[in-house]
Amino acid sequence: MNQNKMPRASVEPGESVDRFLDGRLSLIQSETGYRFSIDALLLADFATMKEGDLVVDLGTGCGVIGLILMVSRPVKKVWGLEIQEELSNQAARNVKMNRCSARMAVVRGDITRVPFKGACVDAVVCNPPYRKHRSGRINPHPERAIARHEILTGLGGITRAASFLLKPKGRFAMVYPAERLADLFSNLRRVNLEPKRLKLVYPSVRAGAKLALVEAVSGGRPGLKIEAPAFA
């Protein structure tokens, strides 16, 4: 992709354009609102993607995970689902700017009422809000608050949406706090998503795990592979 010939983006006041993946990807983000973190990059790298996969990214934000898959993995089509108007607008502009409109679409909608038919995709990814609704300080910026706290949806809503969307043997990849792994596994199995891969992410060799990357399979058999740790 020739970044020098990228289509001009409509950048709104309070937004910036940043380049990633050695310049292969350019992204519009809010300067003061929600900005994606390394969690999204880790998840995009971790998720199993096969040639020709149809993928839904739940809570796509500015579209970063879907766009990384577009430029680095052999997927056929990605739909990014985002409930917040400003973020869905950013994601749509990012798709256009990176010339991915033929293979990625942004849909404004609610994870708890996904606007897709059931059993329609091969893979689902999600970098969800991590914090329980009434835990800790809620960020005064609504965009950041919704992205970080379970205000509009919780873990159960996310796993139900993934289960509904996936074809039999389809894959659901998610990043979540390591301390909430028991909750995640319980919710996955409740909707017939069997955890199959686990990678723990540590801030240093002397610290406990902070994040967990988990991939589950719809209707999969029991058997969890614990992969080598990551440090970030």
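The values are calculated or read from the model by the stated rules, or taken from the named source; none is laboratory data. Predicted model only: the values in this text are computed from it and were never measured. Don't worry about glycine lacking a Cβ; one is built from the backbone with ideal geometry, like all the others, and counts go over all protein chains shown. In case anyone asks, the SASA skips ligands and DNA or RNA and just uses the protein heavy atoms, side chains included. Shrake-Rupley method; radii C 1.70, N 1.55, O 1.52, S 1.80 Å.
Here are a few things to note about the model shown:
- Distance between the range 190-219 and the range 57-99 - C-alpha centres, whole angstrom: 23 Å
- Scoring 64-77, 86-99, 41-54 by mean Cβ neighbours within 10 Å over their residues and listing the highest first yields 86-99, 64-77, 41-54.
- Fraction of beta bridges assigned by DSSP in the chain that are antiparallel (%, nearest 5): 45 percent
- Counting only lysines at least 8 places from Lys210 when in the same chain, those with an alpha carbon closer than 18 Å to its own are Lys132, Lys199.
- A straight Cα-to-Cα reach below 29 Å connects Lys96 with the lysines Lys5, Lys50, Lys76, Lys77, Lys117, Lys167, residues fewer than 8 places away in its own chain not being considered.
- The candidates Phe164, Phe20, Phe172, Phe231, arranged from most to least accessible area with a 1.4 Å probe in the full protein assembly, appear as Phe231, Phe164, Phe20, Phe172.
- Contour minus Cα-Cα distance for Arg221 and Lys50 (0.36 nm per residue): 59.6 nm
- In this Cβ point-charge picture (+1 for Lys and Arg, -1 for Asp and Glu), the chain has a dipole of about 540 debye about its Cα centre.
- Cα gyration tensor category, rounded, prolate or oblate, for the range 37-128 with a/c compared to 1.5: rounded
- Accessible carbon and sulfur surface of the chain relative to its total accessible area, %, 1.4 Å: 51 percent
- Multiplying the residue separation of Ala209 and Lys117 by 0.36 nm and subtracting their alpha-carbon distance yields 29.5 nm.
- Solvent exposure of the chain, expressed per residue, is 49 Å² of accessible area, with all protein chains present and a 1.4 angstrom probe.
- 3J(HN,Hα) couplings calculated from phi for the range 111-118 with the Karplus curve 6.51 cos²θ - 1.76 cosθ + 1.60 (θ = phi - 60°) are, in sequence order, 4, 6, 9, 4, x, 9, 6, x Hz; Gly and Pro show x.
- Candidates Gly59, Gly14, Gly170: whichever shows maximal mean-square fluctuation once the chain is modelled as a Gaussian network with Cα springs under 10 Å: Gly14
- Evaluating 6.51 cos²θ - 1.76 cosθ + 1.60 at θ = phi - 60° for every residue in the range 24-31, the Karplus couplings come out as 6, 10, 10, 9, 7, 9, 6, 6 Hz, glycine and proline recorded as x.
- Highest-MSF residue in the chain out of Ser163, Ser218, Ser37 [GNM, Cα springs under 10 Å]: Ser37
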